[in-house]
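First the structure, in the form of structure tokens, and then the observations on it.
Laboratory data are not the source of any read-out in this text; all were calculated from the coordinates shown. Nothing here was measured: the structure is a model prediction, and the numbers come from that model. Here the Cβ positions follow ideal geometry from the backbone for every residue, glycine too, while neighbour counts run over all protein chains shown.
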Amino acid sequence: MAEAQIIDGKQFSADLRARIGAEVTRLKDEHGLKPGLAVVLVGEDPASQVYVRNKGLQTLEAGMESFEFKRDADISQDDLLTLIAGLNAREDVHGILVQLPLPDHIDSHAVLDAIEPAKDVDGFHVINTGRLATGMDSLVPCTPAGCLMMLKDVLGDNLSGQRALVLGRSNIVGKPMAQLLLAESCTVTIAHSRTRDLAEECRRADILVAAVGRPKMVPGDWIKPGATVIDVGINRIDAPEKGEGKTRLVGDVDFDEAVKVAGAITPVPGGVGPMTIACLLRNTVIAACRQAGLDDPEI
Ligand code: GUN
């Protein structure tokens, strides 16, 4: 069997960002509207710092306004809620994102639910999760939205009847991914650490989305020949072959094995990762349009 098609998330996200940039220019020219995204970072988590920096840069590159609010890890929950209330009230802020994880003394649910749903560009507020689950217009979590775009690029717009397995049940990826696939009329299974016969569950799937955060957990022989594999995992592992102390990124799927079996697969890095920020920018433009009473943009 031929090797799988490699789904190029870097190129895909660059194309999406270009369309977003063009839409932002149109909104400024025709409506005097400049979408603004506020990102809140609490503490010093190195991975979060990298994400937040990249979000800020790409927001500016797309022609939007970027606001960053960095707070010490010992900020009180009340102070964080006050910050969010201020952002909810600002007219130049159309999207608000609070970077996760938050420190243990803060109740993440309370913080996420304090964000005005119309500005909740992460799609994590219960109003938006409920709207997604019931088939209403909502702001959709960025990583699953990007995964669905790439799936449709490979398989076409009609995913009806496909057997989809989502490996992982997080609020950020697994659960909203399952909702999106269900809305596309897939037959959806959510598998997780307690699932029995996981290998057999995976082997039935036409679409396999892996989002568990365990390096190379899915071997090639768990994959149905010709399946489309979306690997959300970004795991840093030791790479002594590159030299002492060196590391590299791998996904939740053993790529070298899977590429010989799958029909199409996202690489790590360069697959799902770049799509997440592009979808965040897209959500910010959608949120800005809705707040201004304009139709949703075609991006
Ligand atoms: N931390 C890891 N992924 C995400 C995400 O998509 N949104 C937020 N806010 N925090 C994250």
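Report summary: the helix-based calculation at 222 nm, which adds -39500 (n - 2.57) for every DSSP H run with n ≥ 4 and divides by the residues of the chain, gives -12500 deg cm²/dmol.
Mean sequence separation of contacting Cα pairs (under 8 Å, at least six apart), scaled by the length of the chain, corresponds to a relative contact order of 22 percent.
Taking the longest Cα principal axis of the chain as reference, the axis of helix 77-89 is set at about 70 degrees. With the charge dipole of segment 1-74 set up from +1 on Lys and Arg Cβ and -1 on Asp and Glu Cβ about the Cα centre, the Cα lying farthest toward the positive end among the listed residues G21, G9, V40 is that of G21. Direction-averaged projected area, Cα convex hull, segment 145-251: 7.5 nm², rounded to one decimal.
Diffusion of segment 95-183 by Stokes-Einstein, at 10 °C in a medium of 1.306 mPa s and with Rh set to the Kirkwood radius over alpha-carbon pairs, works out to 114 µm²/s. Once you've got the GNM for the chain with C-alpha springs shorter than 10 Å, pick whichever of A110, A288, A178 has the biggest mean-square fluctuation. Looking only at A110, A288, A178, the biggest GNM fluctuation is shown by A110. Histogrammed with a bin width of 10 Å, the alpha carbon distances of segment 30-143 distribute as 13, 44, 35, 7, 0 percent, first bin at zero. Compute the long axis of helix 9-31 from its Cα atoms, compare it with the longest principal axis of the Cα atoms of the chain, and write down the angle in degrees, 0 to 90, nearest 10. Relative to the chain, helix 9-31 is tipped by roughly 20 degrees. What the Cα atoms of segment 182-299 give is an Rg and a Dmax of 17.6, 56 Å. For the chain, leaving out every one of the trypsin sites (Lys or Arg not before Pro) that falls in a DSSP loop and has at most 15 other Cβ atoms within 10 Å, the longest unbroken run is 91-193. Sparsely packed loop sites in segment 29-136 (the chymotrypsin sites (Phe, Trp or Tyr not before Pro) outside DSSP H, G, I, E and B with at most 14 other Cβ atoms within 10 Å) do not occur.
State the cysteines of the chain left without a partner when partners are defined as other cysteines whose beta carbon lies under 4.7 Å away. Lone cysteines by the Cβ rule: C147, C186, C202, C289. GNM on the chain, alpha-carbon springs under 10 angstrom: the most fluctuating residue among P219, P269, P46 is P46. With a 10 Å cut-off between alpha carbons and a GNM built on the chain, which of E65, E44, E23 moves the most? Result for the chain, Cα springs under 10 Å: E44 fluctuates most.
Taking the C-alpha atoms only, the angle from helix 46-61 to the longest principal axis of the chain is near 70 degrees. Loop-resident GluC sites (Glu not before Pro) (DSSP state other than H, G, I, E or B) in segment 211-299 with no more than 14 further Cβ atoms inside 10 Å of their Cβ: E244, E298. Computed from the C-alpha gyration tensor, the three semi-axes of the ellipsoid equivalent to segment 1-88 are 30, 23, 9 Å, from longest to shortest. In a Debye calculation with equal point scatterers on the alpha-carbon sites of segment 184-245 and no solvent, what is log10 I(q)/I(0) at q = 0.16, 0.18, 0.19, 0.29 Å⁻¹? Rounded to two decimals, the profile gives -0.60, -0.71, -0.77, -1.41. Shown for the chain is the translational diffusion coefficient from the Stokes-Einstein equation, using the Kirkwood radius over Cα pairs, a temperature of 10 °C and a viscosity of 1.306 mPa s: 80 µm²/s.
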